[in-house]
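Single-structure report; data block below.
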Amino acid sequence: MLPAAYTWSLTAIAIAVAFAMLWVFKRCSDQARIQVAKRKIRAYLLAFRLFGDEPAMIFKSQWQLLVWNLRYLALMLRPTVVTIVPLALLLFHLDAVYGRRPLRAGEAAIV
């Protein structure tokens, strides 16, 4: 179990990183196109319910859902690439501090 100081410091780091990632995603992504992609995905998911008895419409909706999901993932690629390097460096440093510790005397461990 981590000491309370570790828990609070990890919480603070997580909140700071979350705000930083939100800022990067806002600055590096095309928000208007992302909203369009989300609306299209939602629409094609609703089409499953609406046209449940028409197989041709279901297959068309499935295809369009796949296409819009790929577009959405493509729109998320740029901000993800921008955040990957700093996050990887941060995770390596956090692992060095919080990741490993020696067992205490009498502490149970699974090997």
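The values are calculated or read from the model by the stated rules, or taken from the named source; none is laboratory data. All values reported here derive from a predicted model rather than from experimental measurement. With ligands, DNA and RNA removed, areas are computed over all heavy atoms of the protein, side chains included. Shrake-Rupley method; radii C 1.70, N 1.55, O 1.52, S 1.80 Å.
Structural remarks
- Accessible surface ranking that places the most exposed of Val81, Val17, Val111 first, with a 1.4 angstrom probe: Val111, Val81, Val17
- Per residue, the accessible area of the chain comes to 81 Å² when a 1.4 Å probe rolls over the protein heavy atoms.
- Candidate lysines - alpha carbon under 16 Å from Lys26, same-chain residues fewer than 8 apart omitted: Lys38
- Of all accessible heavy-atom area on the chain, the percent that carbon and sulfur account for (1.4 Å): 70
- Largest to smallest accessible area among Phe59, Phe51 [probe 1.4 Å]: Phe59, Phe51
- Counting only protein chain heavy atoms and rolling a 1.4 Å probe, the accessible areas of Trp63, Trp8, Trp68 rank, largest first, as Trp8, Trp63, Trp68.
- Measuring with a 1.4 angstrom probe and ignoring ligands and nucleic acids, Met57 comes out at about 60 Å² accessible.
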